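Here's the structure we're looking at; comments come further down.
Values in this text are rule-based calculations from the coordinates and carry no lab data. Because the structure is predicted, anything quoted here is derived from the model rather than measured. Cβ placement follows ideal geometry from the backbone for every residue including glycine, while neighbour counts extend to all protein chains displayed.
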Amino acid sequence: MRCQTSSRRRSFLLLALAAIVCLPVAAASAKDVSESLRIPDSDVTQIVTLNDGSTLVGRIIEISDTTVKFMTEMGEFTLEISRIKEIKEVTAASFREGKYWFPNPNRTRLYLAPTGRSLRAGEGYFSSLLLFFPSVAFGITDNISISGGMSIFPGVDFEDQLFYITPKIGVNVAENVAIAGSAIIIRVSDFDDEDDDEKIVGAIYGMSTIGTDDISLTCGLGFGYVEDDIADKPAVIVGGEWRFARRASFVSENFIFPEVDEPLISYGVRFFGEKIAVDLALFNILGDDAVFPGIPLVGFVWNF
């Protein structure tokens with residue numbers, strides 16, 4: 001009976017991972033740039049990305065069946081609609097000293113724990129933590145997202161790898177205030193138990209984030225669990241992000257575990273472009289057992 005249960009869990013996890021990978025592909029095929037074609041208000045700036053990857057900053061001033069006229073600081077351009085890959089609209093506040101400060105590409109996560117923010121419908125990303133923990137995330141709606149992946153430890157059989165799924169539900173309760181509930185569900189092999197070859201472990205989170213994409217404070221609680229045994233007391237999670245440059249921000253994520261005297265702290269820099277973010281961080285113990293300068297962590301995110 002236990003073997004059958006294990007097989008069902010494995011099948012469920014694999015099917016869920018396949019669905020997560022396929023969702024963004026289906027969504028991408030449904031996108032139509034014509035839905036973004038419009039003449040904006042005077043306080044809105046449009047950024048047009050062409051099929052060859054080049055971009056233009058300005059405003060659409062005229063639309064025909066096959067072309068648009070696009071006004072920039074360098075003059076007026078006539079663009080074929082078939083050449084346009086994407087049109088984004090931003091406000092004047094997105095420009096500082098004449099440079100476009102693109103949105104934070106990794107706003108829904110700190111290093112390990114989630115923030116209170118959610119992916120928007122159709123948004124997604126591929127991420128890799130320490131090279132061995134890749135995952136894919138996708139926003140099903142503006143309030144519901146799901147991610148999943150598996151470990152890729154060299155020399156470990158496929159069935160003994162870790163498989164993980166992370167559903168998330170969030171909502172914006174006020175301007176620059178977001179809350180979310182999420183969980184991470186991990187299937188691990190149990191090498192010490194001859195009767196049951198796997199267990200389900202993970203954590204349940206309740207998180208809130210206050211602030212903008214450029215400067216924010218995140219705090220929340222996390223309850224760990226093994227199978228149906230949930231921790232009596234939660235870990236307290238406090239972190240934040242401060243964007244000090246156009247392509248870089250400082251990130252910290254800290255955990256206070258119940259009945260543990262020394263908190264786990266982290267500090268590092270997140271480097272990013274419009275679609276990519278790279279985390280270089282150090283984790284350490286705040287106390288006598290600290291190791292200078294800390295244990296390194298490297299993470300990577302690519303948005304699609």
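Assorted remarks:
- Cut-off 15 Å between beta-carbons: net charge of the residues surrounding W242, Lys and Arg +1, Asp and Glu -1: 0
- Share of pairwise Cα separations in the stretch 182-279, more than 18 Å, in percent: 61 percent
- Among the trypsin sites (Lys or Arg not before Pro) in the stretch 215-281, those placed in a DSSP loop whose Cβ has at most 12 other Cβ atoms within 10 Å are K275.
- Debye log10 I(q)/I(0) at q = 0.17, 0.20 Å⁻¹ for the stretch 33-100, Cα point scatterers: -0.56, -0.78
- Rounded to the nearest 10 degrees, the inclination of helix 2-30 to the longest alpha-carbon principal axis of the chain is 10 degrees.
- Distance (nanometres) between label positions extended 7 Å along Cα→Cβ at A231 and V177: 2.7 nm
- Residue order, fewest to most beta carbons within 10 Å, for T78, T67: T78, T67
- DSSP-assigned coil residues among trypsin sites (Lys or Arg not before Pro) in the stretch 93-146, each with at most 14 further Cβ atoms within 10 Å: R120
- Compactness of the chain, expressed as Rg and Dmax over alpha-carbon positions, Å: 22.2, 73
- Across the stretch 61-69, rounded Karplus estimates of 3J(HN,Hα) from the backbone phi angles (6.51 cos²θ - 1.76 cosθ + 1.60, θ = phi - 60°) give 10, 7, 10, 10, 5, 10, 9, 10, 9 Hz, Gly and Pro being marked x.
- Proxy reagent accessibility, fewest Cβ within 10 Å first, across T45, T115: T45, T115
- The stretch 247-282 residues near the modelled I152 label - backbone nitrogen below 20 Å, point 7 Å along Cα→Cβ: 276-280
- Note on the chain: with a GNM built from Cα contacts shorter than 10 Å, the maximum mean-square fluctuation among E227, E274, E73 falls on E73.
- Theoretical FRET efficiency, 1/(1+(r/R0)^6), r = Cβ-Cβ of T212 and W302, R0 25 Å, to 0.05: 0.65
- Modelled label positions at I285 and E76, each set 7 Å beyond Cα in the direction of Cβ, lie 7.0 nm from each other.
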